[in-house]
Amino acid sequence: MTTSIERPEVFELDLMTGDKKLRPMNDDEYEQHLADVADYAAANPDQVGE
Amino acid sequence: MPTTTNFGWTTPADTDLVSQGAAAMRTLGNGVDTSFVKLKGGTTGQTLVKNSDTDLDFTWSSPPGTTLLGSASLTGTSSVNITSISQSYTDLIVRVYLPVVSGAGVFGFRLNGLSTSNYANLSQQVSGTTITQTGSSSATSHVLCATAPTAAASGYAEIRIADYTTSSNVKLIQSSYVNNGTGIHTTITQGTFRGSNAAATSITIYTSSIFGGGSVSVYGVK
């Protein structure tokens, strides 16, 4: 179910330096994202595939 | 030598010689100068407050209030990671304006990038006249809304993290979310963040889908 999910982007804001950047999720973040997607799908089976 | 009534500054006596007048004025001036030295300094916006019960013991202080630390757009991302949060405040307030999720997904946040059972929370969600209550003592995030908004609908979320700089205790988190569009609902969540009791230095606003709109602002509270 999760294999077709495109790797999303993360917006980073460093409050110390003011630096802002948009970057792809790293492996750990992507793994967490897939887990969040799976959790949501499990809790909302009627919305899977939307 | 005579002195003034209130501050005890030395003044010349009536019988002193006129030739000593310059020295007498200098002595008086120096006395005043010393007494009011604590009025010097300060920066724009600061106020003068008493530092102790002692006369003329003042200090310049920033008034209590809320300071905007930074803002970011949510649009086009699945998460916004705000790092290097100043540790100079007592509480942290995070406001999310008009959050929109493209597709269906959960809407929440994590502190310090931690997800493994670091959160405990109790949520009450009102949708129409239906009230749903959920809770967990080992959640992987603090959920702002279990079913995130899929259209711009005057949605708004506010998170307050108390005593976020402490490294000796869990942090109390209160959040509320309202969506004034289709399927009007409000979610109120009380929770805690354990995270090895470390100070909160970063916050990640996330969805399990993609944000189609919205922005987030972080405020420090003294």
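The values are calculated or read from the model by the stated rules, or taken from the named source; none is laboratory data. Computed from a predicted structure; not experimentally measured. A quick note on method: Cβ atoms are made from the backbone with ideal geometry, for glycine too, and the neighbour counts reach across all protein chains shown.
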Legend entry - Condition broken by B:F211, with the remaining ones in (1) away from chain A (no Cβ under 14 Å); (2) at pLDDT 85 or above satisfied: (1)
Inset, instruction - Determine which single condition A:M16 fails, assuming it passes every other condition in (1) at pLDDT 90 or above; (2) in a helix (DSSP H, G or I). - result: (2)
Legend entry - Cβ-Cβ under 7 Å pairs, at least 6 apart or on other chains, region B:38-61 side of a type in the set (V, I, T), far side loosely packed, with under 11 Cβ neighbours inside 10 Å: B:T47/B:P63; B:T59/B:V49
Legend entry - Residues of region B:71-84 satisfying the condition of being facing chain A (nearest Cβ under 7 Å) and in a loop (DSSP other than H, G, I, E, B): B:G76, B:T77, B:S78, B:S84
Inset, instruction - Please go through region B:85-102 and pick out each residue that is within 11 Å of another protein chain (Cβ to nearest Cβ) and either over 22 Å from A:G18 (Cβ atoms) or over 15 Å from the mean Cα position of the chain (by Cα) (or both). - result: B:V101, B:S102
Legend entry - Residues satisfying the stated conditions in region B:193-222, i.e. outside any loop (DSSP other than H, G, I, E, B) and surrounded by fewer than 18 Cβ atoms within 10 Å (Cβ to Cβ): B:S196, B:N197, B:S215, B:S217, B:V221
Inset, instruction - State the number of residues belonging to region B:26-65 that are assigned to a strand (DSSP E or B) and either aromatic (F, W, Y) or touching a Leu at 6+ places or on another chain (Cβ under 9 Å) (or both). - result: 5
